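Here the structure comes first, spelled out in structure tokens, and everything after it is commentary.
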Amino acid sequence: MKITDAKVFVGGPGKNYVTLKIMTDQGVYGLGDATLNNRETLPAAYLQDYLIPNLIGMDPRRSEDIWQFFYRGAYFRRGPIAMAAFGAIDMALWDIKGKLAGMPVYDLLGGKSRDSALVYAHATGADLEDLCDSVAKVLERGYKAVRVQCGIPDMPTASYAVPEASGTDGDFITDFSGIRPKIEIWDTDRYMRFMPQALATVRDRFGPDLTLLHDVHHRLTPREAAAFAKEVEPVGLYWLEDPTPAEDQDALRLVRQHSTTPIAIGEVFNSIWDCNRLIEQELIDFIRVAVAYAGGITHVRRIVDLAGLHNVRTGFHGAPSHSPISMAAQAHLNAWAPNFGIQEYLVLGTPACDALFPSGHRMTEGQFYVSDAPGLGVDFDEAEAKRYRYQPSSHPVVRLEDGTIWNY
Ligand code: CS2
Ligand code: MG
């Protein structure tokens, strides 16, 4: 069996999804997602210029060897662009494998460990009242778990994932449009004074059964993160996400020594080498890698297995930048993983997205039900894809009030 061709499409409703389609000499095709948020043309070029010319003629059933060929064979290993590019190849090969076997990918991984997977949505407000309205709306939609972000009083600009004005949250999604980044101003002291109290208010208002999460988005130093995590202990967060940037894996030890608040990290990681010490030294509770950024199912499965040995559960990244293809790949891992925790979920279900990526995956009452169709269970409508063009976009850049660049 041979791979005969592969095509890359860039575009989608409100997002530059990078979709890979791999064709074979037996008529079976596979789909993968190489969307690297706000840098989408780069994995697309890596696929087109380097990977696809090598892929043609390979046996698609040998997904492990193909993964190793592109990883070890590249000389310059790892990095988000390469890992997103051959992560998409890997997803497409698992899709093909499942179609050949007539089995959903979760069965190839070892079968279902649960009937459905708990997901969390986002609630956000310009101020605390606005945030509570947003939480109430999310709960009305059936969700049982919610990540809350809130505007900070007297902060010079809205901070991460927070609307400028109250009443504008809706399905609030960060505005990344334009090639020149928006500038956000950050003040750690104001955040540290306000946010623990805001989280406590949400807990009081919505009661102990709500699964509550908060994302610090890499804004604190390890000492500040330790103080914050300790202060919010009574709130009973499901997790505190990205309290510090985790390039320095050992820095998390300080947070751990001072608090029992569960810590989730990993949405920007692209290999097991970014998180092996965090996992082995049990410095985190949840691993947030995304199948799209971390080398596909083959590599993320290794991370999940390592995590399972150390009481670390999964909480895969699910921002709207992931197309329904990688969300499906994650849904299959979620159905199988013995150490599944929760899944961030925001994207599937809009009519435009469903038209481009028809699938039998379903979300209802805050639970994700994986499709039992062979392979990944998602298709791609090429005629529909012609409606979309690449739109340049950028992550905001953060500065302190004196101008110093900070972490987004
Ligand atoms: C966020 C992301 O979902 C999350 O937890 O941290 O929305 C993040 O800001 C974007 O994915 C950046 O690409
Ligand atoms: Mg995050």
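Residues that are at pLDDT below 95 and more than 28 Å from residue 39 (Cβ to Cβ): does the stretch 166-179 have at least one?
Initially, the stretch 166-179 is screened for residues at pLDDT below 95, giving 166-179.
Retained after the next criterion (residues that are more than 28 Å from residue 39 (Cβ to Cβ)): 166-167.
The answer is yes; a qualifying residue exists.
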- prompt: Among (1) of a type in the set (A, V, I, L, M); (2) within 16 Å of ligand 2 (Cβ to nearest atom); (3) closer than 23 Å to residue 362 by Cα, where does residue 36 come up short?
  reply: (3)
query: Can you name the residue in the stretch 301-339 that is within 16 Å of ligand 2 (Cβ to nearest atom) and among the aliphatic types (A, V, I, L, M) and, of all such residues, is nearest to residue 120 (Cα to Cα)?
result: 319
task: For residue 123, state whether it is under 25 Å from the mean Cα position of the chain (by Cα), within 16 Å of ligand 1 (Cβ to nearest atom), modelled with pLDDT under 90 and not hydroxyl-bearing (Ser, Thr, Tyr).
output: no
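Going through the stretch 63-78 one residue at a time, which ones are among the charged types (D, E, K, R) and either within 21 Å of the chain's Cα centre (by Cα) or surrounded by 14 or more Cβ atoms within 10 Å (Cβ to Cβ) (or both)?
Filtering the stretch 63-78 down to residues among the charged types (D, E, K, R) leaves 64-65, 72, 77-78.
The one that is among the charged types (D, E, K, R) and either within 21 Å of the chain's Cα centre (by Cα) or surrounded by 14 or more Cβ atoms within 10 Å (Cβ to Cβ) (or both): 78.
Filter the stretch 27-58 down to the residues that are charged (D, E, K, R) and either touching a His at 6+ places or on another chain (Cβ under 7 Å) or surrounded by 13 or more Cβ atoms within 10 Å (Cβ to Cβ) (or both) and list them by number.
33, 39, 40
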- prompt: Do you know which residues across the stretch 202-227 are touching a helix residue (DSSP H, G or I) at 6+ places or on another chain (Cβ under 7 Å) and within 14 Å of residue 146 (Cβ to Cβ)?
  reply: 202, 203, 205, 206, 212, 214
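Going by the conditions given, is residue 221 of a type in the set (S, T, N, Q), within 16 Å of ligand 1 (Cβ to nearest atom) and within 25 Å of residue 399 (Cα to Cα)? Write out each step before concluding.
Details: of a type in the set (S, T, N, Q): yes; within 16 Å of ligand 1 (Cβ to nearest atom): no; within 25 Å of residue 399 (Cα to Cα): yes.
It is false that residue 221 is of a type in the set (S, T, N, Q), within 16 Å of ligand 1 (Cβ to nearest atom) and within 25 Å of residue 399 (Cα to Cα).
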message: Please return the ranges of helices (runs of 4 or more DSSP H) entirely within the stretch 171-281 where 3 or more residues are away from ligand 2 (no atom under 16 Å from the Cβ), charged (D, E, K, R) and under 19 Å from residue 130 (Cβ atoms).
response: 188-206
- prompt: Restricting the first residue to the stretch 222-249 and requiring it to be among the polar types (S, T, N, Q), which pairs with a second residue that is assigned to a loop (DSSP other than H, G, I, E, B) meet a Cβ separation below 6 Å and a spacing of at least six or different chains?
  reply: 244/220
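Give the residue, chosen from 369, 345, 408, that is touching an Asp or Glu at 6+ places or on another chain (Cβ under 9 Å), within 16 Å of ligand 2 (Cβ to nearest atom) and not charged (D, E, K, R).
On the way: 369 fails: within 16 Å of ligand 2 (Cβ to nearest atom); 345 fails: touching an Asp or Glu at 6+ places or on another chain (Cβ under 9 Å).
The conditions single out 408.
The values are calculated or read from the model by the stated rules, or taken from the named source; none is laboratory data. Because the structure is a prediction, the values reported are computed rather than measured. Ideal geometry is used to build each Cβ from the backbone, glycine not excepted, and the neighbour counts take in all protein chains shown.
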